[in-house]
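Data first, discussion second: the structure below is written as structure tokens.
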Amino acid sequence: MRLNVNGQAYEAEVEPEMPLLWALREFIGLTGTKYGCGIAQCGACTVHLDGEAVRSCSMPVSAAAGKRIVTIEGLSRDSSHPVQKAWLELDVPQCGYCQSGQIMAAAALLAKNPRPTDKDIDEAMTNICRCGTYQRIRAAVHLAAGTGKGGGSIIHMAADRAGADSAVAAADQTSKA
């Protein structure tokens, strides 16, 4: 089977029904894409197939033959993709296991919708994070998109909000005096 992965051609001698995930990890040696559930529910195995985010654990390698496959390793060689930079800036990962799939899903979203709303992000980002970093993920997507809503980690955003609330309360007190 001929596969185009991250711009390189590979000949993989695998059964056509083998999940793409295992061809990537075991035969090509790209281990950034993770196995999570094996039933396309969690998204840890997300890669791009001709620009679309797909779950590689349930996709037969035969369905990917002749298409352009991009894994987390191919998104950028030096973590310079805007999504990767946002993830680092906002300290999104906790355990990190799901994050390559999260990043790939976010990159696919931004390729289609460069200025997503919270609703757009919530609908597109269906990957599961056992650590619950969903608010940081959303903030990082906004930061990568440049929407102005990603200005810090959720901890910083909460502190900024508390500071803003205090300023409003002080202004109210001043206006009443």
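State which residue is least open to solvent (accessible area, probe 1.4 Å) when the search covers only region 1-10 and only residues that are out of contact with any Gly (no Cβ under 8 Å at 6 or more places or on another chain) and modelled with pLDDT of 95 or more.
Quick first cut of region 1-10, residues out of contact with any Gly (no Cβ under 8 Å at 6 or more places or on another chain) only: 1, 3, 8-10.
Add one more test, that the residue is modelled with pLDDT of 95 or more, and what stays is 3, 8-10.
Working: L3: 1, Q8: 98, A9: 67, Y10: 58 Å².
Among those that are out of contact with any Gly (no Cβ under 8 Å at 6 or more places or on another chain) and modelled with pLDDT of 95 or more, it is L3.
Is it the case that some residue within region 97-111 is closer than 21 Å to D50 by Cβ, more than 11 Å from the chain's Cα centre (by Cα) and surrounded by fewer than 24 Cβ atoms within 10 Å (Cβ to Cβ)? Even if it seems obvious, please write down each step before you answer.
Within region 97-111, the first condition is being closer than 21 Å to D50 by Cβ, and the residues that meet it are 100-111.
With the extra rule that they be more than 11 Å from the chain's Cα centre (by Cα), the set shrinks to 111.
Still in the running and surrounded by fewer than 24 Cβ atoms within 10 Å (Cβ to Cβ): 111.
Checking region 97-111: at least one residue is closer than 21 Å to D50 by Cβ, more than 11 Å from the chain's Cα centre (by Cα) and surrounded by fewer than 24 Cβ atoms within 10 Å (Cβ to Cβ).
Which condition breaks for A64 when tested against (1) over 30 Å from A145 (Cβ atoms); (2) buried (at least 17 other Cβ atoms within 10 Å of the Cβ)?
Going through (1) over 30 Å from A145 (Cβ atoms); (2) buried (at least 17 other Cβ atoms within 10 Å of the Cβ) one by one, A64 breaks only (1).
Here's the yes/no breakdown for (1) at pLDDT 55 or above; (2) open to solvent by 60 Å² or more (accessible area, probe 1.4 Å); (3) over 16 Å from L90 (Cβ atoms):
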| position | (1), (2), (3) |
| --- | --- |
| C131 | yes, no, no |
| Q135 | yes, yes, no |
| L143 | yes, no, no |
| G152 | no, no, no |
| G163 | yes, no, yes |
| A169 | yes, no, yes |
| D172 | yes, yes, yes |
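Just checking, how many residues over region 11-30 are open to solvent by 10 Å² or more (accessible area, probe 1.4 Å) and under 15 Å from L75 (Cβ atoms)? Walk me through how you get there before you give the answer.
Initial filter on region 11-30 (open to solvent by 10 Å² or more (accessible area, probe 1.4 Å)): 11, 13-19, 22, 25-30.
Checking which are under 15 Å from L75 (Cβ atoms) leaves us with 30.
Residues meeting the conditions: 1.
Applying the selection to region 23-40, what residues are in a helix (DSSP H, G or I) and of a type in the set (G, A, S)?
Once the filter is applied, which keeps residues that are in a helix (DSSP H, G or I) and of a type in the set (G, A, S), region 23-40 yields only A23.
Report the residue count in region 41-68 for those that are among the hydrophobic types (A, V, I, L, M, F, W, C), within 15 Å of the chain's Cα centre (by Cα) and assigned to a loop (DSSP other than H, G, I, E, B). Spell out how you get there, then give the answer.
Looking only at region 41-68, we keep the residues that are among the hydrophobic types (A, V, I, L, M, F, W, C), and these are 42, 44-45, 47, 49, 53-54, 57, 59, 61, 63-65.
Restricting the remaining residues to those that are within 15 Å of the chain's Cα centre (by Cα) gives 42, 44-45, 47, 49, 53-54.
Those still in the list that are assigned to a loop (DSSP other than H, G, I, E, B) too: 42, 44-45.
Residues in region 41-68 being among the hydrophobic types (A, V, I, L, M, F, W, C), within 15 Å of the chain's Cα centre (by Cα) and assigned to a loop (DSSP other than H, G, I, E, B): 3 in total.
The values are calculated or read from the model by the stated rules, or taken from the named source; none is laboratory data. These numbers were taken from a predicted model, which means no experiment stands behind them. No Cβ is skipped: glycine too gets one built from the backbone with ideal geometry, and neighbour counts run over all protein chains shown. For accessibility, only protein heavy atoms count, side chains too; no ligands or nucleic acids. Shrake-Rupley method; radii C 1.70, N 1.55, O 1.52, S 1.80 Å.
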